[in-house]
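**Student:** One structure follows; several queries about it will come next.
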């Protein structure tokens, strides 16, 4: 297979042993790279029943054949593990430039295992890796760590690291790379922290800008890239909206559609929402655009408040730290977002857990030390983020996530989560496809596994009735499969807002030499999805876990989505049928044989 080295590093930080391994051709062809390759190794090597913070867990970093090429949005990489927040198999992918630089060191993947007695970091250069002491870095923020390591190892180095949250095993700590980019959900930073690994530094040296692998068909790839760019430029989302306003362009639209969650999903709209919008960001705190490697969209926003500067907030962060907590002060939300990035915390789970605490307090469930944790109290926001990162006082409870917090204080129904992962910023009562996507996602509530907001609200690639249910099972299955493929290439999900799905199968064919159709791509995604499902079943998950919180069986009382609730029982049955699973959600022998998976 072209454009890959078929080679990974395996580093045991317990023994200090570092070895190069060949990746079997079958693994590359059946799982492509990125998410697929990471999931394959986790399923092969990690017992689904282990404690995610134990020595037995592993982190699998992987690039894809597209990573570092000239294909638009090809700067991404992936990391897979067992999540300490959800106890499911879990993967994240991130942008920036770390992925291409790692690949330019001559590897497609990195498996980190074991646990060091003392803080360490991993240094990777072409053909060589070593473990170095990180005692002087322990306790530092992600920005401090990145700056110190780039000063130490040169301007061509790139850094992925944890902040204090990862060190303190906050269950939703991030791994941050290139300062502002995140492997950002599920607590991958806590797994890294449990192994006493502060950072991974990659330095390919003064190499050519693009990855030094061979492309199977450069002429075909050139044509495909031209067509992808044309479509990205022509799309109203990728060609205009995201380029002008960033992801926060969604605030006013979701609010108008009645699915912008307010006060822990108690409402779906608020007249103050515009205070957090992309338009307000441009007018008040915007400094410049920021784009990932080879990205023509440039949805990132470098910003500055009166106190500090950084990147964001993105739409999800804007909402979670803002409207979900009843806070509509953009400056306060932005400063809290900066703090999350520097301490290394997932903004969605942080904001959602704080919102859960606010409702618990509203319901009289919390003791007196929580008295100030109330909806709309913007003055406590950044202090709560810090308390979470350092597990200080009430921050120790908040660091466990909303599910554990709500269970501890006797009201589990107030945690807006699926399988332990907090819902993102789309109320499922106003988009029934998202309801099914949240419930069935292998990593817990997630909009990135099947972003049905595209067809249900934006009309991309075509418009679906957002309140229908009979057509949602097939839609969600197809999106889940194709997104698993994109995550393995690795490509940015935003391209799906403008580029037909067959263009990326063509790109992979031109890059790798594999004869790959859209049907083949979906088949690869289906294989990955079913493998993840099997891991979760072995970990103890059942049909009962494919469910939304009880709040979503009660309709909203106001807004454009009022009076609607998704029929989860019918949609889930249809989804299982579409997947060829049993009524209990177990993949059939027939589908496993078709996909070449051992049950």
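The values are calculated or read from the model by the stated rules, or taken from the named source; none is laboratory data. Being a predicted model, the structure only gives us computed values, none of them experimental. As a convention, Cβ positions derive from the backbone with ideal geometry for all residues, glycine included, and neighbour counts pool all protein chains shown.
**Student:** Please count how many residues of segment 584-599 are closer than 16 Å to residue 542 by Cβ and free of Cβ contacts under 8 Å to residues at least 24 places away in the same chain.
**Tutor:** 0
**Student:** Follow-up. I need the full set of residues from segment 378-399 which are part of a loop (DSSP other than H, G, I, E, B) and touching a helix residue (DSSP H, G or I) at 6+ places or on another chain (Cβ under 8 Å), in order please.
**Tutor:** First, pick out the residues of segment 378-399 that are part of a loop (DSSP other than H, G, I, E, B): 391-394, 399.
Scanning segment 378-399 gives 392, 393, 394, 399.
**Student:** Kindly indicate whether residue 374 is in contact with a helix residue (DSSP H, G or I) (Cβ under 8 Å, 6 or more places away or on another chain), surrounded by fewer than 24 Cβ atoms within 10 Å (Cβ to Cβ), modelled with pLDDT of 95 or more and not in a helix (DSSP H, G or I).
**Tutor:** Against the criterion (in contact with a helix residue (DSSP H, G or I) (Cβ under 8 Å, 6 or more places away or on another chain), surrounded by fewer than 24 Cβ atoms within 10 Å (Cβ to Cβ), modelled with pLDDT of 95 or more and not in a helix (DSSP H, G or I)), residue 374 qualifies.
**Student:** Do we find a residue being assigned to a helix (DSSP H, G or I), within 20 Å of the chain's Cα centre (by Cα), buried (at least 24 other Cβ atoms within 10 Å of the Cβ) and in contact (Cβ under 8 Å) with a residue 60 or more places away in the chain anywhere in segment 251-265? It would help to see each step written out before you state the result.
**Tutor:** First pass over segment 251-265, keeping only residues assigned to a helix (DSSP H, G or I): 251-256.
Add one more test, that the residue is within 20 Å of the chain's Cα centre (by Cα), and what stays is 251.
Imposing the further condition that a residue be buried (at least 24 other Cβ atoms within 10 Å of the Cβ) reduces the set to 251.
Imposing the further condition that a residue be in contact (Cβ under 8 Å) with a residue 60 or more places away in the chain reduces the set to 251.
Yes, segment 251-265 has at least one match.
**Student:** While we're on this one: Return yes when residue 193 is in a loop (DSSP other than H, G, I, E, B), closer than 30 Å to residue 337 by Cα and touching a residue at least 24 places away in the same chain (Cβ under 8 Å) and no when it is not. Quick ask: steps written out before the conclusion?
**Tutor:** On the way: in a loop (DSSP other than H, G, I, E, B): no; closer than 30 Å to residue 337 by Cα: yes; touching a residue at least 24 places away in the same chain (Cβ under 8 Å): yes.
In short, no.
**Student:** Would you check which residues across segment 329-358 are surrounded by fewer than 24 Cβ atoms within 10 Å (Cβ to Cβ) and not in a helix (DSSP H, G or I) and list them?
**Tutor:** 329
**Student:** Still on this model: Regarding segment 456-468, can at least one residue be identified that is touching a residue at least 40 places away in the same chain (Cβ under 8 Å), in contact with a helix residue (DSSP H, G or I) (Cβ under 6 Å, 6 or more places away or on another chain), at negative phi and part of a helix (DSSP H, G or I)?
**Tutor:** Scanning segment 456-468 turns up no residue that is touching a residue at least 40 places away in the same chain (Cβ under 8 Å), in contact with a helix residue (DSSP H, G or I) (Cβ under 6 Å, 6 or more places away or on another chain), at negative phi and part of a helix (DSSP H, G or I).
**Student:** Cβ contacts < 6 Å: first residue free of Cβ contacts under 8 Å to residues at least 60 places away in the same chain and on the phi < 0 side of the Ramachandran plot, restricted to segment 16-34; second residue surrounded by fewer than 12 Cβ atoms within 10 Å (Cβ to Cβ) and assigned to a strand (DSSP E or B), any location; separation 6+ or different chain. Result?
**Tutor:** Sorted first by the residue in segment 16-34, then by its partner, the list stays empty.
**Student:** Pick out, from segment 513-599, the helices (runs of 4 or more DSSP H) lying fully within it that include 2 or more residues that are within 17 Å of residue 89 (Cβ to Cβ) and modelled with pLDDT of 95 or more.
**Tutor:** Details: elements: 518-539, 568-579, 589-595.
Those helices (runs of 4 or more DSSP H) span 518-539, 589-595.
**Student:** Would segment 509-516 turn up any residue that is free of Cβ contacts under 8 Å to residues at least 40 places away in the same chain, more than 23 Å from the chain's Cα centre (by Cα), crowded, with 18+ Cβ neighbours inside 10 Å and in the same structural domain as residue 474 (by TED's automatic domain parsing)?
**Tutor:** From segment 509-516, those free of Cβ contacts under 8 Å to residues at least 40 places away in the same chain are 515-516; that's our starting set.
Keeping just the survivors that are more than 23 Å from the chain's Cα centre (by Cα) gives 515-516.
With the extra rule that they be crowded, with 18+ Cβ neighbours inside 10 Å, the set shrinks to 516.
Still in the list and also in the same structural domain as residue 474 (by TED's automatic domain parsing): 516.
Yes; the residues of segment 509-516 include at least one that is free of Cβ contacts under 8 Å to residues at least 40 places away in the same chain, more than 23 Å from the chain's Cα centre (by Cα), crowded, with 18+ Cβ neighbours inside 10 Å and in the same structural domain as residue 474 (by TED's automatic domain parsing).
**Student:** For segment 571-586, which residues satisfy the criterion of being over 18 Å from residue 479 (Cα atoms) and surrounded by 14 or more Cβ atoms within 10 Å (Cβ to Cβ)? Talk me through it step by step, then tell me what you get.
**Tutor:** The first filter runs over segment 571-586 and keeps only residues over 18 Å from residue 479 (Cα atoms), leaving 582-586.
Hits for segment 571-586 are 585, 586.
**Student:** Give segment 483-496 a look and list any residue that's in a helix (DSSP H, G or I) and either modelled with pLDDT under 95 or surrounded by fewer than 22 Cβ atoms within 10 Å (Cβ to Cβ) (or both), or say none. If you could, list the steps in order and put the result at the bottom.
**Tutor:** Step one: of segment 483-496, the residues in a helix (DSSP H, G or I) are 483-489, 493-496.
Hits for segment 483-496 are 493, 494, 495, 496.
**Student:** Looking only at segment 173-188, decide whether some residue is out of contact with any strand residue (DSSP E or B) (no Cβ under 6 Å at 6 or more places or on another chain), over 21 Å from residue 60 (Cα atoms), assigned by TED's automatic domain parsing to the domain that holds residue 59 and assigned to a loop (DSSP other than H, G, I, E, B).
**Tutor:** No: zero hits.
**Student:** Here is a follow-up. Looking at (1) in contact with a helix residue (DSSP H, G or I) (Cβ under 6 Å, 6 or more places away or on another chain); (2) farther than 17 Å from residue 95 by Cβ; (3) not in a loop (DSSP other than H, G, I, E, B), find the lone condition where residue 169 falls short.
**Tutor:** (3)
**Student:** What is the one condition in (1) buried (at least 18 other Cβ atoms within 10 Å of the Cβ); (2) within 21 Å of residue 178 (Cα to Cα); (3) over 18 Å from the mean Cα position of the chain (by Cα) that residue 304 does not satisfy?
**Tutor:** (1)
**Student:** Here's a follow-up. Could you list, in sequence order, the residues of segment 240-250 that are surrounded by fewer than 18 Cβ atoms within 10 Å (Cβ to Cβ) and within 11 Å of residue 279 (Cα to Cα)?
**Tutor:** Taking segment 240-250 as the starting set, the residues that turn out to be surrounded by fewer than 18 Cβ atoms within 10 Å (Cβ to Cβ) are 240, 244.
The answer is 244, and nothing else.
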